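> I have a structure here, written as structure tokens, and I will follow up with some questions on it.
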Amino acid sequence: MYIQLSPSVEKPFAKIAVIIPALNEEKAIGHVLAELPNKLIYQVIVVDNGSRDLTSEIARRAGAEVIFEPKRGYGAACLRGLSLIKPDVDIIVFLDGDYSDYPEEINLLIAPILNNLADMVIGSRALGMKEKGSLTPQQVFGNWLATRLIKLFWGFNYSDLGPFRAIRAKSLQQLKMQDHNFGWTVEMQIKALKHQLKIQEVPVRYKKRLGKSKISGTLSGTIKAGAKILYLIAKYGLIGFPAQSQTNVS
């Protein structure tokens with residue numbers, strides 16, 4: 001359950017934890033957990049964000065640690081998952097529970113960190129291969145607008161706000177994450193610039209999710225998510241902290 005690093009890196013082993021927020025994902029969560037590269041993973045946490053189906057039961061049967069977060073919100077679920085992380089974990093991966101990502105591509109996200117090339121790696125759907133219809137038009141436009149605004153404020157060229165990502169545990173502690181809902185991903189990416197983390201994006205594949213999206217699948221969810229993301233960019237942009245990180249796309 002450990003990853004052997006190359007001789008050129010400083011530490012002989014790294015421990016990888018995966019946090020999977022989930023809300024009514026009984027059709028998907030079993031597939032997600034079954035396709036995780038288990039030989040690479042030290043800890044798997046599924047955060048049930050108030051499901052009314054068998055999400056938790058299926059996740060527990062599959063061997064995941066399951067924790068409940070009754071307060072609705074993607075950020076709230078992620079923060080709750082972090083409370084269960086073992087203290088010796090080196091890298092934390094965030095992965096959606098809807099089976100839209102390819103869990104086996106975790107190795108693509110953690111490789112730059114293991115080789116000391118990055119502190120945070122974003123799985124970019126914009127750079128990877130997408131199944132037709134997997135991203136709604138409002139998602140495509142929202143990602144484009146948000147990343148262009150980040151470029152405008154901080155001169156950094158993200159291509160996506162994708163939730164599939166990996167980050168050093170110590171780096172994540174530095175960020176002091178706070179958002180409880182739609183702004184979690186953009187908060188992390190902006191704060192990573194503030195703290196001058198080494199950032200990479202890697203192309204990842206993306207497919208249609210199983211079940212209906214709780215955010216982009218509804219008009220109200222789309223509006224709320226877009227408003228929160230724009231609010232955070234404006235908020236942190238007006239603070240005016242410097243960004244000197246360099247991005248690499250592999």
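> I need the Debye-formula profile for the range 23-119: one equal scatterer per C-alpha, no solvent, reported as log10 I(q)/I(0) at q = 0.12, 0.15, 0.19 1/Å, two decimals.
Log10 of I(q)/I(0), two decimals: -0.38, -0.59, -0.94.
> Given H placed on each backbone N at 1.01 Å, which residues far from LYS15 in sequence or on other chains put an amide H within less than 5 Å of it?
Long-range HN contacts for LYS15: ASP90, ILE91.
> So what are the ³J(HN,Hα) numbers for the range 178-187, from phi and the Karplus equation (6.51, -1.76, 1.60; θ = phi - 60°), rounded to whole Hz, Gly and Pro as x?
10, 5, 9, 9, 6, x, 4, 5, 6, 4
> So how much accessible area does ILE223 have, in Å² to the nearest 10, using a 1.4 Å probe?
100
> Tell me, what is the 1.4 Å probe accessible area of TRP144, in Å² to the nearest 10?
About 140 Å², ignoring ligands and nucleic acids.
> From the phi of every residue in the range 28-38, what ³J(HN,Hα) in whole Hz does the Karplus formula 6.51 cos²θ - 1.76 cosθ + 1.60 yield, where θ is phi - 60° and glycine or proline is x?
Coupling constants for the range 28-38: 10, 4, x, 5, 4, 5, 5, 9, 5, x, 4 Hz.
> Label ALA34 and SER134 with points 7 Å out from Cα along Cα→Cβ: what is the distance between them in nm?
Simple spin-label model gives 1.9 nm for this pair.
> Please give the contour-minus-distance gain from GLN174 to HIS195: 0.36 nm per residue of separation, less the Cα-Cα distance, rounded to one decimal in nm.
6.8 nm
> Would you check the accessible area of PHE141, probe 1.4 Å, heavy atoms only, in square angstrom rounded to 10?
Number for this one is 120 Å².
> Taking the range 128-197, how many lysine pairs are there with alpha carbons less than 20 Å apart, if each pair must be eight or more places apart or span two chains?
Close lysine pairs found across the range 128-197: 6.
> Right, here's the next one. Output wanted: per-residue J couplings in Hz (rounded whole) for the range 71-85, from phi through Karplus 6.51 cos²θ - 1.76 cosθ + 1.60, θ = phi - 60°, x for Gly and Pro.
6, 5, x, 4, x, 4, 5, 5, 4, 5, x, 5, 5, 9, 5
The values are calculated or read from the model by the stated rules, or taken from the named source; none is laboratory data. The model shown is predicted, which means the values in this text are computed figures rather than measured ones. Ideal geometry is used to build each Cβ from the backbone, glycine not excepted, and the neighbour counts take in all protein chains shown. Note: accessible area is taken over every heavy atom of the protein model, side chains too, but ligands, DNA and RNA are not part of it. Shrake-Rupley method; radii C 1.70, N 1.55, O 1.52, S 1.80 Å.
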